[in-house]
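Right, one structure below, let's go through it.
Computed from the coordinates by the stated procedures, all read-outs in this text should not be read as laboratory data. Computed from a predicted structure; not experimentally measured. For neighbour counting, all protein chains shown are included, and Cβ atoms are generated from backbone atoms with ideal geometry for every residue, glycine included.
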Amino acid sequence: MKIGPYKIYSIETSEFRLDGGAMFGIIPKTLWEKKIPSDDFNRIPMVTRSLLLVSKNKKILVDTGNGTKWSEKLKHIYNINTDRYNIQSELSKLDIKPEDITDVICTHLHFDHVGGNTSIINGKIQPTFENAKYWISQNNWTLANNPTQKDQSSFMSHDWNTLQENGMIHLVKNKEQFLDGIDFQLTFGHTSGLLHPIISDNNNTLFFGSDLFPTSAHIPIPWVMAYDINPVKTVKEKLELLPKMVEDNWIIFLEHDQNIQACSVKQEGKHFLLNKVISINE
Ligand SMILES: [Zn+2]
């Protein structure tokens, strides 16, 4: 798919699982398991999926997935698998080397979004993309470095410490645009200052759903994660965004949906639903 100056690719970077109850908050299991069946440990299968934007001068990644710095214990708990595919293998299929990446937009600093920011190279944690600027919202940076007891296990500072030491972190304040042709929306329900890139031209608008719309099952308003720091705010933010998404036929990029890269949405009465499955790579 091409939008504006960018050729756009969807890249899957890991498989993993999280507790289905935590993923769907107050929604009863009898309902959510019809959408995504759980395993014997009540976990649902998901992926991490990044967006790659390629223009004449830029190769931009949005989020980097779980990465590969995992202890056997945590790998087992989250069922993380990067053997079938990972960010390096998928980039190399497109003939792109890690050093070619010019920018990494981090939607927020939860480990399943920025784990691939850094890698263990020669026994040491180092930046995966040595020439990249890493963009993070000021709000999320502040929270990640001083998290609450509720969300502290979602942040792992080894995903960004070495970037900070090397002067590679660039903080985005308020609504200032930081990359050509990429607009963004900040949301505050899932975590403070979640940065959603929006790429648009006259024909298409693509909204990076991140953890506001992690899977297609999370389109209906009350289907909100228990992980959210402020689920009431998430509901309000979905209510504000979804009518506009329907009206202007936006494409929502789904970072964690096992099967669907992106979709459009429709409204039936008060309810918002998946409209059309969209394949980014066609
Ligand atoms: Zn998150």
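Compute the FRET efficiency between Lys233 and Gln258 as 1/(1 + (r/R0)^6), taking r as their Cβ-Cβ distance and R0 = 22 Å, and round to the nearest 0.05.
0.25
Treating cross-link reach as a plain straight distance, find the lysines whose alpha-carbon is under 28 Å from the alpha-carbon of Lys236, omitting any fewer than eight places away in the same chain.
Candidates past the 8-residue exclusion: Lys29, Lys34, Lys35, Lys150, Lys173, Lys175, Lys244, Lys266, Lys270, Lys276.
Under 17 Å between alpha carbons, and skipping anything fewer than 8 positions from Lys73 in its own chain: which aspartates and glutamates qualify?
Glu15, Asp19, Asp83, Asp112
Given the stretch 30-180, what percent of its DSSP beta bridges are antiparallel, to the nearest 5?
Given both bridge residues lie in the stretch 30-180, the antiparallel proportion sits at roughly 45 percent.
What are the lysines whose alpha-carbon lies under 19 Å from the alpha-carbon of Lys58, with same-chain residues fewer than 8 places away excluded?
Lys2, Lys7, Lys93, Lys97, Lys133
What is the Cα centroid distance between the stretch 17-46 and the stretch 217-263, reported in whole angstrom?
Computed from Cα coordinates, the inter-centre distance equals 17 Å.
Just how far, in whole angstrom, is the stretch 91-126 from the stretch 178-198 if you go by their alpha carbon centroids?
19 Å
If you place +1 on the Cβ of every Lys and Arg, -1 on the Cβ of every Asp and Glu, and leave all else neutral, what size is the dipole of the chain about its Cα centre, to the nearest 20 Debye?
My answer is approximately 240 debye.
Which one, Asp63, Asp201, Asp103, has the greatest fluctuation when you compute a Gaussian network model over the chain with C-alpha springs under 10 angstrom?
Evaluated over the chain, the most mobile residue of the options is Asp201.
Over the chain, with a Gaussian network built from C-alpha contacts below 10 Å, which listed residue (Asn139, Asn174, Asn117) shows the highest mean-square fluctuation?
Result for the chain, Cα springs under 10 Å: Asn174 fluctuates most.
Of Asp183, Asp40, Asp95, which is the most mobile in a GNM of the chain whose springs link Cα atoms less than 10 angstrom apart?
Residue with maximal mean-square fluctuation among Asp183, Asp40, Asp95: Asp40.
If each DSSP helix of 4+ residues adds -39,500 (n - 2.57) and the sum is divided by the residues in the chain, what number results at 222 nm, nearest 500 deg cm²/dmol?
-5000 deg cm²/dmol
Kindly give the semi-axes, whole Å and largest first, of the ellipsoid equivalent to the stretch 2-278, taking each as the square root of 5 times a Cα gyration tensor eigenvalue.
Whole-Å semi-axes of the equivalent ellipsoid: 26, 23, 18.
Quote to one decimal, in nm, the extra length available between Lys93 and Asn57 on full extension: 0.36 nm per residue of separation minus the C-alpha distance between them.
Length gained, Lys93 through Asn57: 11.0 nm.
Along the charge dipole of the chain, pointing to its positive end and built from +1/-1 on Cβ of Lys, Arg, Asp and Glu, which listed residue (Ile27, His256, Met225) has its Cα farthest out?
The listed residue farthest towards the positive side: Ile27.
At a Förster radius of 45 Å, what calculated FRET efficiency corresponds to the Cβ-Cβ distance of Asp201 and Ser71, to the nearest 0.05?
0.55
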